[in-house]
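This report concerns only the one structure given below.
The values are calculated or read from the model by the stated rules, or taken from the named source; none is laboratory data. Keep in mind that this is a model prediction, so the values were computed, not measured. Cβ coordinates were reconstructed from backbone atoms using ideal geometry, including for glycine residues, and neighbour counts include every protein chain displayed. What goes into the accessible areas is simple: the full protein's heavy atoms, side chains included, and nothing from ligands, DNA or RNA. Shrake-Rupley method; radii C 1.70, N 1.55, O 1.52, S 1.80 Å.
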Amino acid sequence: MLVDLWLFAILASFFVVRVLHSKVGERVLAMITKRHLP
Amino acid sequence: MRFVPAILANLVLIFVAIGYGSVLWPLLPRKLTQVDRIALILLGGLGMLGTLLFLVGQVWFSRAVIIASLLPVVWGVAVVIRHSGPMFTEIRKLRPPLIPAAILVTVFAVTGFGGLAAPTGDISTPALKNDSIAYHFLGPRVWMRDRIIRPVPDECLTAMPAIVETDYCALISLGGSRAPGFFTVARLGILLLIAAGLAMRLGASGSEAWWVVALIATMPVVYNGTTGGFVDAIYAGYVLAGLRILFDVESRSSWILLGIFGGFAMGTKYTGVIAWAVLLACAFATSAFVLKLKWRITLTKIALATLVAGCVAAPWYLRNWALLGNPMYPSPPLLSHLFHAQYMGEQAARQFQVEVWREGNGMGRTIWDFLLLPLRLTVHPANFLDGPGGIGLVPLALGPFALLVFRWNLLARIAGLFVLLQLGTWFITEQDGRFLIPVLVLAAIAGVAGWRYVQGISPRTGRALAFATVAVSILYGVFMIARYETDNIHSVISQKFEEARRQEDIPFLASFRFLNSNPSVTKVLFLNPDVPSYYSQKDYVKPFGRWGEQVLPNASTAAQALSQLAQLRVSDILDVRWAGIGFEVPVNMPGVTLVFSAENQRVYRVDQMAGLTNARQARVKRPADIF
């Protein structure tokens, strides 16, 4: 249902944003993009 | 033991507020619940006490005056004893569900412990800017020392309406410098009471109202605006009280009450003027579409409420007009063309407006930015002033479904109009997360209504996802609040940590300790605009404020201020190297002697004052504790 999709999308986006902004997320991103962390 | 006075002072203030507020009892609409009544009486009482102290303080503001103003505490205790039976019966009927009740207990416990921490902080750099130290607590300290309530000339923000800050005077007078911080518990409690009353009036069950308050209490933006010296929770309480009264407005007395709370909102923050305009628009809509009154009657009622609001708020604005040349000081752009204010020149006033505009820019001001606000406030809250931590997921995830739940509810439509106008005016003025608390309260109410709707149409997946959304919002909020309060709680538990924190957070602590403990120091000259004068227990002169205020008419530089030492009658000078400004007192300057120095800080004794200090010292009363 649309309602379920909407709620799932918001929950998922929250976790994606939180994880990407966390230290672990930054490390993972840095590994993927082969970027050196400061 | 060092925390007991702060806790007792808060208890006394609550009973005093009930004592004053009970005067409003006959004006309360009959349909109000006990929860509404408690909230309105507490808010009304705090407003009355703050306004009374302000009025008396224009002439004389001693500790005796403050204590005398607290005498209604006896009446407050009597009112509580008399009405406690029916109140507890109704509150018991609300049957708190276990989870939100546990969350609230946790938040209040953390808030209570953290609130007992001694205020510390810096005012120099934007990242560390601490409004509590800069002006919320500075004003009360200076007013009590000077025994009169006057704007502090070197800190223009102390000229703003200050109902809550004058209440702080009572708290500091009774319970010391920790008492206003502990008042966070009361501020949060009052906001949650008014929120619960509004939620139930909009159709929430008792259980749902508990979830609403749990969601509000764990919104980091709301919490940030409630802690320290911030007055935004009480301000939001006044605005929402106006809306709540509007929902059950029934007679002339209700319109008067609406005006009283609108006046208190304007007496708490300048933004109360905008909020009053928003409330008036809602009053028109209520009168026309809910009460279906004729236009002439509508205009009469609204004129009455506006007259009352104007009278209640007038003292603050008239005082500024009389003393500073502008009813709103520091001036907003529209008024700066009409009035020329003292202390702040045109350039400083313009610079202040530019700074407010820049800081309150949020993520932009186009129509597109406005439409994206719900998403951005949820996902990128840190891009807004005082926004870090955010508002949780519920307003965005579940709030939109409230449009379906409330589509035939006239009162909810009025609330919707309020949200739209309040959000719009916030968007085009200063986008500060704290200023949005009234909207966030209604967003939480909408979120819980939407939750109910989702449970109805999607009993399995939707129910689980909605619960997960609420759980994530609350848990993340509790985590952020706990992180925010960690250092505060640590400093309450450990005196060693408290001292380490002072050393780290209070600039020039060594000099302040030297000046405060030295009986020969009577009046200090602070040359650097970013020295936090809150920490001075001694009288002081600060020729330049951090917003470009120029206190001495003939001194636009430090050298010019130093040439007037004799007229300033200062006994000491605190000269610092700080915030990009070097030492100002020349080496070997005649007439001054270096008596204390530490890293980036020097204290000079003004020699010609030596004969005067002992005589003046007798007239200087040592204020309440800081260190």
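Evaluate region B:475-486: report whether one residue or more is closer than 30 Å to B:TYR223 by Cα, surrounded by fewer than 20 Cβ atoms within 10 Å (Cβ to Cβ), among the basic types (Lys, Arg) and without any contact (Cβ under 8 Å) to a residue 40 or more places away in the chain. Yes, region B:475-486 contains at least one residue that is closer than 30 Å to B:TYR223 by Cα, surrounded by fewer than 20 Cβ atoms within 10 Å (Cβ to Cβ), among the basic types (Lys, Arg) and without any contact (Cβ under 8 Å) to a residue 40 or more places away in the chain. Selection within region B:416-434: residues that are farther than 21 Å from B:ALA283 by Cβ and either free of Cβ contacts under 8 Å to residues at least 12 places away in the same chain or crowded, with 22+ Cβ neighbours inside 10 Å (or both). The member of this set that is farthest from the other protein chains (Cβ to nearest Cβ) is B:ARG434. Note on region B:364-388: residues that are at pLDDT below 90, outside any helix (DSSP H, G or I) and open to solvent by 60 Å² or more (accessible area, probe 1.4 Å) amount to 2.
For region B:80-92, indicate whether the set of residues that are open to solvent by 10 Å² or more (accessible area, probe 1.4 Å), under 27 Å from B:ARG178 (Cα atoms) and not aromatic (Phe, Trp, Tyr) is non-empty. Walk me through it before giving the result.
The initial filter retains those residues of region B:80-92 that are open to solvent by 10 Å² or more (accessible area, probe 1.4 Å), namely B:80-92.
Among the residues that remain, those that are also under 27 Å from B:ARG178 (Cα atoms) are: B:80.
Pick out the ones that are also not aromatic (Phe, Trp, Tyr) and you get B:80.
Yes, because at least one residue in region B:80-92 is open to solvent by 10 Å² or more (accessible area, probe 1.4 Å), under 27 Å from B:ARG178 (Cα atoms) and not aromatic (Phe, Trp, Tyr).
Restricting region B:560-598 to residues that are of a type in the set (A, V, I, L, M, F, W, C) and open to solvent by 70 Å² or more (accessible area, probe 1.4 Å) leaves a set whose member that is modelled with the highest pLDDT is B:LEU594.
Can you tell me which of B:VAL524, B:VAL531, B:VAL441 is part of a helix (DSSP H, G or I) and open to solvent by less than 20 Å² (accessible area, probe 1.4 Å)?
Working: B:VAL524 fails: part of a helix (DSSP H, G or I); B:VAL531 fails: part of a helix (DSSP H, G or I).
Going through B:VAL524, B:VAL531, B:VAL441 in turn, just one is part of a helix (DSSP H, G or I) and open to solvent by less than 20 Å² (accessible area, probe 1.4 Å): B:VAL441.
Does any residue of region B:472-487 turn out to be under 30 Å from B:SER571 (Cα atoms) and of a type in the set (Asp, Glu)? There is no residue in region B:472-487 that is under 30 Å from B:SER571 (Cα atoms) and of a type in the set (Asp, Glu).
Restricting B:VAL478, B:VAL454, B:VAL472 to residues that are away from chain A (no Cβ under 14 Å) and either in a helix (DSSP H, G or I) or of a type in the set (S, T, N, Q) (or both) narrows the list to B:VAL478. Scan (1) open to solvent by less than 10 Å² (accessible area, probe 1.4 Å); (2) at pLDDT 95 or above for the single condition B:ALA555 breaks and write down its number. Evaluating B:ALA555 over (1) open to solvent by less than 10 Å² (accessible area, probe 1.4 Å); (2) at pLDDT 95 or above leaves (2) as the failure.
Based on this model, can you work out whether B:LEU465 counts as within 14 Å of chain A (Cβ to nearest Cβ) and either modelled with pLDDT under 95 or in a helix (DSSP H, G or I) (or both)? Judged against the criteria, B:LEU465 is a match. Among the residues making up region B:401-415, those that are away from every other protein chain (no Cβ under 14 Å) and either β-branched (Val, Ile, Thr) or surrounded by 18 or more Cβ atoms within 10 Å (Cβ to Cβ) (or both) are B:PHE406, B:LEU411, B:ALA412, B:ILE414, B:ALA415.
Only a single criterion out of (1) farther than 22 Å from B:THR227 by Cβ; (2) buried (at least 22 other Cβ atoms within 10 Å of the Cβ) is not satisfied by B:ALA468, namely (2). The residue pairs whose first member lies in region A:1-22 and is facing chain B (nearest Cβ under 7 Å), whose second member is open to solvent by 40 Å² or more (accessible area, probe 1.4 Å) and among the hydroxyl-bearing types (Ser, Thr, Tyr), and whose beta carbons are closer than 6 Å, counting only pairs six or more residues apart or on different chains, are A:ASP4/B:THR461.
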